[in-house]
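I have placed the structure first, in the form of structure tokens, so that the comments after it can refer back to it.
The values are calculated or read from the model by the stated rules, or taken from the named source; none is laboratory data. Every value quoted in this text rests on a predicted model; they were computed, and no experiment measured them. All Cβ positions, even for glycine, are placed from backbone atoms using ideal geometry, and neighbour counts span all protein chains on display. Keep in mind that these areas ignore ligands, DNA and RNA; they rest on the heavy atoms of the full protein, side chains included. Shrake-Rupley method; radii C 1.70, N 1.55, O 1.52, S 1.80 Å.
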Amino acid sequence: MAKLIVDGQEIDVAAEATLLQACEQAGAEVPRFCFHERLSIAGNCRMCLVEVKGSPKPVASCAMAVRDLRPGPNGEPPVVNTRTPLVKKAREGVMEFLLINHPLDCPICDQGGECDLQDQAMAYGIDASRYALNKRAVEDKYIGPLVATMMTRCIQCTRCVRFTAEVAGVGDLGAIGRGEDMEITTYLHSAMGSELQGNVVDLCPVGALTSRPYAYTARPWELTKTESVDVTDAVGSAIRVDSRGREVLRILPRLNEAVNEEWISDKARHIVDGLKAQRLDRPYVRVGGRLQPASWAEAFAAIAAKVAATPAARIGAIAGDFASVEELFALKALMTSLGVANIDARPAGSALDPSLGRASYLFNPTIAGIEDADAILIIGSNPRKEAAVLNARIRKRWRAGNVAIGLIGEAADLTYKYDYLGAGAESLAALLGGDGAFAEKLAAAKKPLVIVGEGAIARADGKSVLAAAAKLGARDGWNGLAVLHTGASRVGALDVGFVPADGGLDTAAMLAGGVDMAFLLGADEIDLAGLGSAFVVYVGTHGDAGAHRADVILPGAAVTEKSGTYVNTEGRVQLANRAVFPLGEAREDWSILRALSDVLGKRLPFDSLAELRAALYASAPHFAAIEEIADAGGASGLGGVEIALDKGAFVSPIKDFYLTNPAARASKVLAECSALARSRVQVAAE
């Protein structure tokens, strides 16, 4: 630690900290445009000028470290001032230069009301300009369907360039020209290709980069802001849902250092239009081979008649990727009351089993723990498609250096370099045997991270793959087994025990003709053809695969229309809050199940969400600890599994990053992104 005097206040600060960070630690406000805590230092804007005692001119505080300051003549701590007349005049001069070519677009700019330049011009600028020449104008660029450009407003802070190069790991954006002719653009005017590109809108301190789908929709002061979590993957990124009236207008990231830092994926950000398209807003019953609108009473009566005529052993329930813990708990309770043992929330063929211990299906090192790993092995997973934000964390660790990364599975561009070890289980067996240079690196690692994707788990030898991964990642005091799920509901379902009871059928067996009646709780990502002529009850939100196959449709609430608990891939309990009310006659899924239980004569013992949660917390207390990860213990259940690996390549279950769920498939914006991604792959192949 080093001592520093900021505006007369003496503080202790880390020697490697910048002066800007030291000033903020002392409570001083320092304006900035180009500086960002998660990006490299550029020193472009000069807005963060401060006065350092002994320096002949103001100093850019973002580019000078505390350790670079010299003590006073008698050894006294360096002195930094942020509010002197010299600093005030310097900042006014910088602001005057920044505004020389900036257009007066505030009344029509989408960034208005949340613009850094607007705010800082008010706080640190002057009321007049001495510049009398014509302003320069820059041609707007097309950089994709997600980000709109008004590059005349650009102040060349290069935040967007540094983000795409350092965090996203793609060379999408760059600068051409010099001086006044400098422009930020994509080379050859192509569209950006990163799954995280929407974050440049949040980073842009002016209105040069704005959200194309959200353009001219609302002003920030019109919006109701609701904190929630992203359920488009299993990472559980913290988000903020902005709504007006009964309509969700945009989704933005929230800061959560332990999970997503301050980034979210483009799928999470731009699923907005898909939340209201192709929605199920009333019950339907299939009559004469066609779905007909019906009342809730008629839909429940049809279900009750089929339940009464079907043996419990021939009834099953499958839960999808968006189901909250409350819904899973209610559906399990209903099925148990009916004597049904056939329930599952896992993909067909999955080897995940709660009886092996909670640590056998969690990302045990935690997402933040990726930064502590000294060797990373990826088995049967493509993190860039399955969990884009988590993949950025792996890249962050790779950029820090001194880490070996290996991949067994499909070769892909993961935005960082890795050793390709092979396509399938044979390569994993060789690694277990200690063959190869990477095996030596993994054995020497003190904190190895072994990421196992659902592409490796949903196989006949899935349990052996898990056991092998657990063995490779085990160290004293460190469990390196990191299961990367693709569904937001998966860990919560396993925690609540939404798996077959004794003698019950799993997803694969139910889809192989094992049931005559199936309850689908938002289950659209399964092969429904396997249900054959079974009577299907679909509780969901969109007219997707499950609704097309259903005999009775019960319209549920989208994730932004209900309050629910989710558990992310690392076992962190999170709360999604309701931002708007469900459309039409749709209802929250737990309340649908509660009403159905009355008709079936098996009334569930709760009448409100609070009562349901009380029963849930009594059954599994760790669900009450929001934003915490319960101790999972060791993966001892996998230690006794005999490792017998089959042949064959590991294949990631995610083929199209943008279209992995019903809401995403209903989104026109994400459909355009998907088409661009496919065309990019075709061009690369040619």
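A few points about this structure:
- Cα-derived Rg to Rh of region 84-223, Kirkwood definition: 0.98
- For region 393-445, the spread of Cα positions along each principal axis, largest first, Å: 30, 25, 14
- Per-bin percent of Cα-Cα distances, region 13-148 [10 Å]: 10, 34, 32, 17, 6, 1, 0
- Among the trypsin sites (Lys or Arg not before Pro) in region 394-501, those placed in a DSSP loop whose Cβ has at most 13 other Cβ atoms within 10 Å are LYS417, LYS446.
- Within the chain, DSSP assigns beta bridges of which about 55% are antiparallel (rounded to the nearest 5).
- Neighbourhood charge, 10 Å Cβ-Cβ cut-off, centred on LEU275 and excluding it, Lys, Arg +1 and Asp, Glu -1: -1
- Computed lengthening from ALA175 to ALA595, 0.36 nm per intervening residue step minus Cα-Cα distance: 145.2 nm
- The C-alpha atoms of region 531-637 occupy a region whose extents along the principal axes are 44, 32, 31 Å, arranged from largest to smallest.
- Trypsin sites (Lys or Arg not before Pro) lying in DSSP loop within region 223-291, provided at most 14 other Cβ fall within 10 Å: ARG246
- Of all aspartates and glutamates in the structure, those lying under 15 Å Cα to Cα from LYS53, and not within fewer than 8 positions of it along the same chain, are ASP7, GLU10, ASP68, GLU76.
- Computed over region 503-579, the convex hull of the alpha-carbon atoms projects to a mean area of 6.3 nm².
- Heavy-atom accessible surface of the chain: percent carbon and sulfur, 1.4 Å: 53
- Using the Cβ-Cβ distance between LYS3 and ALA123 with R0 set to 22 Å, the FRET efficiency from 1/(1 + (r/R0)^6) comes to roughly 0.15.
- Considering only alpha-carbon pairs that sit under 8 angstrom and 6 or more positions apart, the relative contact order computed for the chain is 14 percent.
- Ignoring lysines fewer than eight residues from LYS141 along the same chain, the ones with Cα atoms less than 26 angstrom from its Cα are LYS267, LYS668.
- Alpha-carbon centroid distance for the pair region 542-596 / region 443-476, whole angstrom: 33
- Other residues with beta-carbon under 15 Å from the beta-carbon of LEU4 carry, at +1 per Lys or Arg and -1 per Asp or Glu, a net charge of -4.
- Net charge, LEU407 excluded, C-beta distance under 14 Å - Lys, Arg +1, Asp, Glu -1: +1
- Pairs of Cα atoms farther than 14 Å apart, region 115-196, %: 70
- Accessible area (Å², per residue) of the chain, counting only protein heavy atoms and a probe of 1.4 Å: 40
- Inter-part distance where region 326-353 and region 82-125 are each reduced to a Cα centre, Å: 57
- Estimated at 0.36 nm per residue, the fully extended path between GLU611 and ASP68 surpasses their Cα-Cα distance by 189.5 nm.
- Spherically averaged projected area of the convex hull of Cα atoms, the chain: 33.9 nm².
- Mean projected area (nm²) of the alpha-carbon convex hull when region 471-546 is viewed from all directions: 7.3
- Cleavage-rule hits (GluC sites (Glu not before Pro)) in region 236-303: DSSP loop, at most 14 neighbouring Cβ within 10 angstrom: GLU257
- Calculated FRET value between ASP372 and GLU642, using beta carbons and R₀ = 41 Å, to 0.05: 0.85
- Zero-based 10 Å bins, Cα pair distances in region 562-603, whole percents: 24, 36, 31, 9
- The length gained on full extension between ALA501 and GLU37, counted as 0.36 nm times the residue separation minus their Cα-Cα distance, comes to 162.1 nm.
- Of all aspartates and glutamates in the structure, the ones whose alpha carbon falls short of 15 Å from that of LYS441, not counting any fewer than 8 places away in one chain, are ASP374, ASP419.
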